[in-house]
Every structure is written in C-alpha cells, then in structure tokens.
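The values are calculated or read from the model by the stated rules, or taken from the named source; none is laboratory data. Computed from a predicted structure; not experimentally measured. Positions of Cβ are backbone-derived with ideal geometry, glycine not excepted, and every protein chain shown enters the neighbour counts. For the accessible areas, the whole protein counts, side chains as well, though only heavy atoms, and no ligand, DNA or RNA atoms are used. Shrake-Rupley method; radii C 1.70, N 1.55, O 1.52, S 1.80 Å.
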Amino acid sequence: MKFKVETLPNYRIAYVRRVGSYGSANIEVMEKLKKWAKEKNLFESSIIFAVPQDNPETTLPENCRYDACIVLSNDYQMDDSIYEGEISGGKYLVYEIKHTAEDIQKAYAEIFTAVQSTGYQIDNKPILERYTYDMVNNHYCEICFPIKP
C-alpha cells in the first residue's frame, strides 16, 4: 500500500455519532451530517471525516462508536442542532483508496500489516477516513493512520 506522511492540525468539528456495530448503518449517520452541512452551506468546500472511535476486536459491537464529522472554521457560530468537538492533529500515514465499500473494507484488512512494515509506531488515536468534495467526486477517499512523532 502506497502512503504519504502528513501532519494534520487540530480540527474544530461538528459531528453526528452512532453507537452500534460498524457497517452499512454508518451511511445513515454520514447522510444526516451531509444534510446538515448542505443546509448550512458548508458542504461543497468541506473536509469530512468518518471516525470509527473503537476497535471492534476489543470493543463489543453494540458499544462501537462511529462519528461523521465536518471541519468548521474557528469563527463559525454553532447552534445546538449538532454536536461540536475536536479532532486531535498529529502525524499520520495517509493512504489514498477508491471510495467503495469493498475497497475500504480491503484497506482496513491490510492496513495494520502495511503500517507495521513501514517501521513507524502506531499512535493511540482513532483512524480517520478523510473525504473532500473533489476526492469524492473522483471516487476516492483517504485513510489516515495515526503514528507516533
């Protein structure tokens, strides 16, 4: 798997959370976030993250948290219709992959072995799926894997 090393900043985000086993139900959460972002005219110039917060190998499926997030500017005035939070920046290995369920599943199956072969140490943060408007229109997304500095 081909990657680049990138240092991400801290991001202020708006997000929608779902608790339950990872899978197709996460699409509904992402659609809810996109609908909110379109209503607020934030969607087309946005960076969107999908953040599986828990490792399904160590967390019961019914307790797994999935966040659909959109990056906000520091001056954006939030209302209480959606949650606000932050994604911690840091050093990440960034893998560009095709934006299909099959390719994303395949990437998750291979990514831990791929990261271990790079010699980098895994950091204890969630993996981030990053989507930009242009990338999605070209059927790509990125998986950002946290590594220690």
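List of remarks:
- Our helix-only sum for the chain, with -39,500 (n - 2.57) per DSSP H run of n ≥ 4 divided by its residues, gives a mean residue ellipticity at 222 nm of -7000 deg cm²/dmol.
- Between 0 and 90°, nearest 10: helix 26-39 axis offset from the chain longest Cα axis: 40
- Accessible-area composition of the chain, carbon plus sulfur, in percent [1.4 Å probe]: 47
- Sites excluded, GluC sites (Glu not before Pro) in DSSP loops with at most 16 other C-beta within 10 Å, longest stretch of the chain: 58-149
- Mean projected area (nm²) of the alpha-carbon convex hull when the range 62-144 is viewed from all directions: 7.6
- Cα-based Lys proximity count in the chain, under 12 Å, for pairs eight or more positions apart or on separate chains: 5
- Length-normalised contact order for the chain - Cα pairs under 8 Å, 6+ apart - percent: 33
- Helix 101-116 vs. the chain, principal-axis angle (Cα, 0 to 90°, nearest 10): 50
- Seen from every direction in turn and averaged, the convex hull around the alpha carbons of the range 1-83 projects onto 7.2 nm².
- Quarter of Cα convex hull surface for the chain, i.e. mean projection, nm²: 8.8
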